[in-house]
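Chemist: Quick one: structure below, then a few questions.
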Amino acid sequence: MARDSNENRTVDVNSLIDAIVRQTTVLLAQLATAAGGRAPLVNTANQVFVNLVRELREQGVGNKVIADMFGLALRTYHDKVQRLSESTTVRGRSLWEATLEYVQEKGAVLQADVLDRFRNDDEATVRGVLTDLVESGILFRSGRGARTTYRAAKLDELALIARDDGERAMHLVWVAVSRLGVASIDAVAQTVALEPPVIEAALARLVADGRVARVERGGAPEYRTDLCVIPYGTPAGWEAAVFDHYQAVVTAICTKLRAGETSAAATDRVGGSTYGYRVWEGHPHYDAAVGFLARVRAEAVLLREQVTAYNAAHAPPPGAIRVISYVGQTILEAEEQK
């Protein structure tokens, strides 16, 4: 029996989603173990679920449809959303917020006391929140085992953290503001998943050195930047560069899908193309293929310099658009191709 075209399309989209999820998990695993590190992933799956639900809602999809998309009964779906969106112990507050507030109120508290305070929440999740808060520099941890103690960082300590280890956060925030156009602190926080104190410190540095401008809208501060450049070789910028590359690809794909376009044309202004070449030493086109990225980068840098110089002398009109281009290149050795 021939399948309906809509059914065929659903199967095709599901296969595409499965393939993208698989590649994304490969990327996450590489990032989690980069430079010998072991980034905590205890909340990653839950975070993906909550964020995906939020994005679907923003696209106008109702809860019943979202529940069906996840294969969940509506009540089960609502229970899961509520469980992940707030602490079971402290209603109306996320577990992250409730844990931080508890430690701040106590000044210094034993880990056992934190676990007891949030005994109605999953213990592994509470431990993961504590680890995340420590790695964010918002909590300090001392002692070991039963004597493990946590205390909240003071404002002056947060400033030191932002200055000493803030290069990475500053680059991430800079990229987020660049992509958002004009951004509030909340908008940046939703984009890069950093905490407001860290974002505020990063923005203060970016404003101070002129890379980001602060503007007032409706009595609230917002931020904008006309240029975001992370120089080659910047030791603390690789995280922001990866984020920038990934976000550019996702933005291009989503922009095209929102426009209802699922095919490509030679004259496209939005989209992407992938080209592959099999070459070897002595091949007449070896240098051209291997040097493709360097050539395109040089051309892009020149264009950026020309655009920046022109914009410095001419104020952009209200209808100005932003063009975001992405170029990537990978060279696979023979054994990697098997």
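The values are calculated or read from the model by the stated rules, or taken from the named source; none is laboratory data. Quantities reported herein were computed from a predicted structural model and do not represent experimental measurements. Here Cβ is always computed from backbone atoms with ideal geometry, including for glycine, and neighbour counts include all displayed protein chains.
Chemist: Return yes when residue 323 is modelled with pLDDT of 85 or more, farther than 30 Å from residue 34 by Cβ and not assigned by TED's automatic domain parsing to the domain that holds residue 55 and no when it is not.
Modeler: The answer is yes for residue 323.
Chemist: Just need a number here: residues in the range 43-79 that are surrounded by 16 or more Cβ atoms within 10 Å (Cβ to Cβ) and at pLDDT below 75.
Modeler: Going through the range 43-79 one residue at a time, the tally reaches 2.
Chemist: I've got another one for you. Write out, first by first residue and then by second, each pair whose Cβ atoms fall under 8 Å of each other, whose residues are 6+ apart or on separate chains, and whose first residue, in the range 253-266, is in a loop (DSSP other than H, G, I, E, B) while the second is of a type in the set (A, V, I, L, M).
Modeler: Here the result reads 259/270; 261/270, each pair linking the range 253-266 to a residue that is of a type in the set (A, V, I, L, M).
Chemist: Next question, about the same structure. For the structure I just gave you, tell me whether residue 137 is modelled with pLDDT under 80 and in a loop (DSSP other than H, G, I, E, B).
Modeler: So residue 137 fits the description; yes.
Chemist: Scan 207, 215, 229 and give me the residue that is in the same structural domain as residue 247 (by TED's automatic domain parsing), within 30 Å of residue 301 (Cα to Cα), touching a strand residue (DSSP E or B) at 6+ places or on another chain (Cβ under 8 Å) and not in a strand (DSSP E or B).
Modeler: 207
Chemist: Test residue 314 against the stated conditions and say whether it is at pLDDT 95 or above, loosely packed, with under 10 Cβ neighbours inside 10 Å and out of contact with any Ser or Thr (no Cβ under 6 Å at 6 or more places or on another chain).
Modeler: no
Chemist: Within the range 230-237, is even one residue modelled with pLDDT under 85 and under 28 Å from residue 317 (Cα atoms)?
Modeler: Yes: one or more hits.
Chemist: Here's another thing I want to ask about it. Determine, yes or no, whether residue 216 is surrounded by fewer than 21 Cβ atoms within 10 Å (Cβ to Cβ), among the acidic types (Asp, Glu) and in contact (Cβ under 8 Å) with a residue 24 or more places away in the chain.
Modeler: no
Chemist: So the check is Cβ under 6 Å with 6+ separation or different chains; which pairs have a first residue in the range 181-205 that's closer than 18 Å to residue 167 by Cβ and a second one that's at pLDDT 85 or above and surrounded by fewer than 20 Cβ atoms within 10 Å (Cβ to Cβ)?
Modeler: From the range 181-205, the pairs are 199/185.
Chemist: Quick check: is even one residue across the range 195-203 assigned to a helix (DSSP H, G or I), closer than 24 Å to residue 304 by Cα and either touching a Ser or Thr at 6+ places or on another chain (Cβ under 6 Å) or not aromatic (Phe, Trp, Tyr) (or both)?
Modeler: Yes - at least one qualifying residue is present in the range 195-203.
Chemist: Considering each residue of the range 267-294, count those that are part of a loop (DSSP other than H, G, I, E, B) and more than 25 Å from residue 23 (Cα to Cα), and give that number.
Modeler: 11
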